[in-house]
1. Does the stretch 192-228 hold any residues that are closer than 24 Å to G165 by Cβ, crowded, with 16+ Cβ neighbours inside 10 Å and among the polar types (S, T, N, Q), and which are they?
2. Could you look through the stretch 229-239, keep only residues that are closer than 17 Å to L200 by Cβ and assigned to a strand (DSSP E or B), and pick out the one that is least open to solvent (accessible area, probe 1.4 Å)?
3. Tally time: how many residues in the stretch 183-214 are part of a loop (DSSP other than H, G, I, E, B) and either farther than 19 Å from T130 by Cβ or in contact with a Gly (Cβ under 8 Å, 6 or more places away or on another chain) (or both)?
4. Confirm whether M189 is closer than 25 Å to W103 by Cβ, surrounded by fewer than 20 Cβ atoms within 10 Å (Cβ to Cβ) and either without any contact (Cβ under 8 Å) to a residue 12 or more places away in the chain or among the acidic types (D, E) (or both).
Amino acid sequence: MAAEAHRVLVYGGRGALGATCVQHFRAKHWWVASIDLAENEEANANVVVKMTDSFTEQADQVTADVEKLLGEQKVDAILCVAGGWAGGSAKAKSLYKNSDLMWKQSVWTSTISSHLATKHLKEGGLLTLTGAKAALAGTPGMVGYGMAKGAVHQLCQSLAGANSGLPSGSAALAVLPVTLDTPMNRKSMPDADFSSWTPLEFLAETFYDWITGKNRPSSGSLIQVVTTGGKTELAAAHL
């Protein structure tokens, strides 16, 4: 269908932000594929990720399934919006378990998305990764989370370099939010100041702008997403 000439992969398409992205791009008549542990019925297509403790197994499975799905078709963007949060200091009993979970949710997904971009992204296309503003500094109360997000920031910068494997003219960008306004966050922090939380729709709209060339930052940028009094602003982080 000519109306669905634009294509986007949403990695984490069943999460709160991912589902919002799927809805947003479907509403604009884009062809959207979701990659997640379960299907998103609103997407045009789904790649269901099999749970495993082996990174290479999961990476090979997702890579093969996306290849089957797309064939020679290229996509305008790959949005890696998978992730999660877990706390704990280096002393915490949950340190190993939570670090493992953070690695799987953020580093595995970002690494797979990066490789998919080298194979399936159009020239001039966009890869977005999800970092965290907190990980620009030490995170003693959430070490696993900070390490995982720090790795995502480093990956984004690597992808912007020469010979990174990304298609010509394409960009890798990381968004670094503070707190996203999700139902789960509202449930777990009912007394928080929601006016300092970033609406999911704002990020979906930002991704759309960047894909279509509007206000797209230079590749490798780490873009802090800061919401104050209900107003959200984007600012590049300088390491």
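The values are calculated or read from the model by the stated rules, or taken from the named source; none is laboratory data. Just so you know, these numbers come straight off a predicted model, no measurement behind them. Methodologically, a virtual Cβ is constructed for each residue, glycine included, from the backbone with ideal geometry; neighbour enumeration extends over all protein chains shown. Surface areas here come from the heavy atoms of the whole protein model, side chains and all, with no ligands, DNA or RNA. Shrake-Rupley method; radii C 1.70, N 1.55, O 1.52, S 1.80 Å.
1. Answer for the stretch 192-228, where residues must be closer than 24 Å to G165 by Cβ, crowded, with 16+ Cβ neighbours inside 10 Å and among the polar types (S, T, N, Q): S219, S221.
2. Filtering first and then ranking leaves T232.
3. Quick first cut of the stretch 183-214, residues part of a loop (DSSP other than H, G, I, E, B) only: 189-193, 197, 199, 212-214.
Within this subset, residues satisfying the condition of being either farther than 19 Å from T130 by Cβ or in contact with a Gly (Cβ under 8 Å, 6 or more places away or on another chain) (or both) are 189-193, 212-214.
The qualifying residues number 8.
4. Considered against the rule, which asks whether it is closer than 25 Å to W103 by Cβ, surrounded by fewer than 20 Cβ atoms within 10 Å (Cβ to Cβ) and either without any contact (Cβ under 8 Å) to a residue 12 or more places away in the chain or among the acidic types (D, E) (or both), M189 comes out as yes.
Here's the yes/no breakdown for (1) under 18 Å from D76 (Cα atoms); (2) surrounded by 14 or more Cβ atoms within 10 Å (Cβ to Cβ); (3) without any contact (Cβ under 8 Å) to a residue 12 or more places away in the chain:
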residue: G13; (1), (2), (3): yes, yes, no
residue: A16; (1), (2), (3): no, yes, no
residue: F25; (1), (2), (3): yes, yes, no
residue: W31; (1), (2), (3): yes, yes, no
residue: I35; (1), (2), (3): yes, yes, no
residue: E41; (1), (2), (3): no, no, yes
residue: V47; (1), (2), (3): yes, yes, no
residue: K50; (1), (2), (3): no, no, yes
residue: D53; (1), (2), (3): no, no, yes
